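One structure is given here, and the rest of the page talks about it.
Values quoted throughout were computed directly from the atomic coordinates according to the rules given, and no laboratory measurement underlies them. Computed from a predicted structure; not experimentally measured. Don't worry about glycine lacking a Cβ; one is built from the backbone with ideal geometry, like all the others, and counts go over all protein chains shown.
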Amino acid sequence: MKSYITPILLFVFVFCAAFAPEAQAQDPRFSQYLASPQNLNSAMTGVYDGTYRATANYRDQWGSVLGTYPFRTYSIGVEGRFFALKEDFFGVGVSFLGDEVGTSRYRHIGGNLNASYMKRIGGNRFTQNSQYLIIGVQAGMMQQSMNWSNFRYSTQFDADIPDGFNGGLNSGEAVGAENISYVDFGAGLMWYATVENGKTRKTTNYYIGFAMHHLNQPKISFFDGSGERLYRRYTIYGGIELPVSSEFTLMPGFMTNLQGPSMETDIGFMMRYSNKDWGEFTLKGGLYDRITKAEPVDGGGLSNDAFIVIAGLEWEQWALGLSYDVNVSGFTPATNSRGAFEVSISYTAPPKDRMGMDCPKFK
């Protein structure tokens, strides 16, 4: 057990560092972040107990304010895991991410190729005690688009028209390109360990990961000659899967995104309940708090953005997750506390006899 003390202390350190000050990030993101593994960290590609895995996610936000034009984010991914040297594995996957924002119909869509190498650094496949160190890389092509005709400016309002807007008036504003494309790169690391209690025969899992997105800081401006680039995003996350009884498992965890001047942290826990009488059927539920850092003009302090209520179930190789963000930020008067609805679904094909891999449940 001593060999696990250092990683556990590292987990505690990063858990505290997650609240370091640095407001929402620029990138689309999911409240059920572990249910979209390839978007979270390329090093999570192939980290599951099975032959292949397929995931799908959908998020709908601010419909209470924007009506028929809410923020919509969606993603799908497929990945496979294969034998490498000795007891190591490598994983490959492809993922697609799309995001649509407001009446301007701003769209961000693209695909990524992900690859990982899983190196066993402790234990073996014949024991419940094992450790893996994983490295991952990501390469993708992204496109952003904007419908400039949907914008309305103060210079286009006419008091002689019933609704006050005259699209035929010159706005006086510059109009940029409708589409831009760019190549994007990322990389990540992850460590996890499974530890079996010799007396109770129950297994505790630990994991921690770090990912870097937009390593090449691609240009994202719709206007020629602009040097506007996408900030690098740094993601830190970790958690524990702790059995508290024969039926209940406690899974506390956190995730922090740092991107330019923005910071957000999700911190909370999940509970899993399974009864032997139910066979492969498992219930899940949990609560997370999202903490963000305000822009300097607003004081730059930390504040609560939303409470995230999560529920789900697992049946054989299927997993379904539902969540809702209850908005508690300064935007509450406009949203009436209504934030975002999210759904995730995944299918993990059973492992072959020799391809079993002890993995935390993560979510």
Taking a 31 Å limit on the Cα-Cα distance, which of the listed pairs LYS119/LYS276; LYS202/LYS352; LYS119/LYS219; LYS86/LYS202 fall beyond it?
LYS119/LYS276; LYS119/LYS219
Find, among the chymotrypsin sites (Phe, Trp or Tyr not before Pro) in the stretch 145-205, those assigned to loop by DSSP (not H, G, I, E, B) with at most 14 other beta-carbon atoms within 10 angstrom.
PHE151, TYR153
Cβ-derived FRET efficiency at R0 45 Å, ALA84 paired with SER226, nearest 0.05
0.55
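Taking other Cβ within 10 Å of each residue's Cβ, how do PHE341, PHE89 sort, fewest first?
Ordered by Cβ neighbours within 10 Å, fewest first: PHE341, PHE89.
Using R₀ = 51 Å, calculate the FRET efficiency as 1/(1 + (r/R₀)^6) where r is the Cβ-Cβ separation of LYS276 and ASN179; round to 0.05.
That pair, LYS276 with ASN179, gives E of 0.40.
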Only Lys, Arg (+1) and Asp, Glu (-1) charged, at Cβ; the stretch 179-328 dipole about Cα centre in debye:
440 debye
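Excluding GLY93 itself, calculate the net charge of residues whose Cβ lies under 12 Å from the Cβ of GLY93, where each Lys or Arg counts +1 and each Asp or Glu counts -1.
Cβ neighbours under 12 Å give a net charge of +1.
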Using only the Cα atoms of the stretch 26-113, build the gyration tensor, take square roots of its eigenvalues as a ≥ b ≥ c, and label the shape rounded, prolate or oblate: rounded if a/c is under 1.5, else prolate if a/b is larger than b/c, else oblate.
prolate
Once VAL244 and ASN197 are pulled to full extension, the length gained, defined as 0.36 nm per residue separation minus their Cα-Cα distance, is 15.7 nm
Note down the nm distance, to one decimal, between modelled labels 7 Å out along Cα→Cβ at GLN317 and at PHE157.
5.8 nm
Exposure proxy order (Cβ contacts within 10 Å, fewest to most) of GLU241, GLU87, GLU314:
GLU87, GLU314, GLU241
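Where does each of SER226, SER42, SER329 land when they are ranked from fewest to most other beta-carbon atoms within 10 angstrom?
On the way: SER226 11, SER42 32, SER329 17.
The most exposed by this proxy come first: SER226, SER329, SER42.
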